[in-house]
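Read through the structure below, which is laid out as structure tokens, and then see the notes.
The values are calculated or read from the model by the stated rules, or taken from the named source; none is laboratory data. Predicted model, so just to flag it, every value in this text is computed and none were measured. Don't worry about glycine lacking a Cβ; one is built from the backbone with ideal geometry, like all the others, and counts go over all protein chains shown.
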Amino acid sequence: MDSQQLQDSFQAYFNDMGHKIDWSKLTQPIDIHPIKKGDYLFQQGECAERLYFLHTGLVRYVSVSEAGKEFTQTFAKSPRIIGSTRAMVTQSPVLFGIQAVEDSMIISYHWQAFFQEMRHDRGFLECYCHFLEQVFIIKEERESAFVKDSAEKRYLDFCADFPELKNKIPQQQIASYLGITAVALSRIRQRLKRG
């Protein structure tokens with residue numbers, strides 16, 4: 001796939017939100033990042049001052065504690081915007097890494113240059129606000145689930161949201177996403193199998 005097709009896919013993602021965007025304002029070149037399964041787009045502590053678009057594939061956001069323990073913060077399926085808003089806007093190191101769960105194709109724009117060109121386009125700003133609203137809604141629902149829902153309910157929700165991952169990725173990654181140990185996840189799965 002050439003860069004124009006990838007750029008068209010990025011623009012279609014925003015256009016599908018229903019706002020008219022004047023893409024002629026955008027002159028910034030894209031960077032293309034084909035990422036193999038298991039490889040990282042960037043790692044915790046690195047700079048990631050770019051707006052990333054996951055064209056195809058699936059990734060996970062990974063945090064590592066000071067003790068070296070790995071946690072899966074979330075998963076993201078294409079097509080969608082990925083990355084760290086904090087790092088992008090404040091130009092500070094990222095607090096997590098992004099790892100490909102399967103072979104993925106990602107494109108990016110340098111955020112500051114991209115935003116300078118697109119910030120006067122009302123359609124783009126409305127789309128970007130809509131996207132950020134969705135991010136906050138998902139984050140709020142996930143935080144609520146950690147407080148209110150049992151580990152079993154969180155696992156069932158994970159299976160509904162990511163049915164293709166249930167038997168595809170290491171159980172430790174699923175367990176860390178759910179906030180439980182791999183042993184606890186194994187017990188939940190066995191209990192559900194017994195009915």
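Before moving on, here are some points about what is shown:
- Restricting attention to region 4-14, the residues that are out of contact with any helix residue (DSSP H, G or I) (no Cβ under 8 Å at 6 or more places or on another chain), surrounded by fewer than 17 Cβ atoms within 10 Å (Cβ to Cβ) and of a type outside the set (D, E, K, R) add up to 3.
- Residue under evaluation Lys25, criteria (1) surrounded by 16 or more Cβ atoms within 10 Å (Cβ to Cβ); (2) modelled with pLDDT of 90 or more, criterion not met: (1)
- Matching residues in region 34-86 - criterion: being part of a strand (DSSP E or B) and either more than 15 Å from the chain's Cα centre (by Cα) or basic (Lys, Arg) (or both): Pro34, Arg50, Arg60, Val64, Glu70, Lys77, Arg80
- Some residue of region 103-116 being farther than 30 Å from Gly18 by Cβ and at pLDDT 95 or above: yes
- Residues in region 79-102 that are hydroxyl-bearing (Ser, Thr, Tyr) and buried (at least 18 other Cβ atoms within 10 Å of the Cβ): Ser84 alone.
- Lone unmet requirement of (1) touching a residue at least 24 places away in the same chain (Cβ under 8 Å); (2) surrounded by 13 or more Cβ atoms within 10 Å (Cβ to Cβ) for Ala145: (1)
- Filter pass, Pro34 being over 29 Å from Arg154 (Cβ atoms), of a type outside the set (Ser, Thr, Tyr) and either modelled with pLDDT under 95 or out of contact with any strand residue (DSSP E or B) (no Cβ under 7 Å at 6 or more places or on another chain) (or both): no
- On inspection, Ala160 qualifies as free of Cβ contacts under 8 Å to residues at least 40 places away in the same chain, loosely packed, with under 15 Cβ neighbours inside 10 Å and either under 20 Å from Gly57 (Cα atoms) or in contact with a Pro (Cβ under 8 Å, 6 or more places away or on another chain) (or both).
- Identity of the residue in region 61-102, among the acidic types (Asp, Glu) and more than 14 Å from Tyr177 (Cβ to Cβ), that ends up modelled with the lowest pLDDT: Glu66
- Being without any contact (Cβ under 8 Å) to a residue 24 or more places away in the chain, surrounded by 14 or more Cβ atoms within 10 Å (Cβ to Cβ) and touching a helix residue (DSSP H, G or I) at 6+ places or on another chain (Cβ under 7 Å) is a property that Ala76 lacks.
- From the options Met118, Met105, residue that is surrounded by 14 or more Cβ atoms within 10 Å (Cβ to Cβ), of a type in the set (A, V, I, L, M, F, W, C) and under 30 Å from Gln172 (Cβ atoms): Met105
- Conditions (1) in contact (Cβ under 8 Å) with a residue 60 or more places away in the chain; (2) more than 17 Å from the chain's Cα centre (by Cα): number failed by Thr90: (1)
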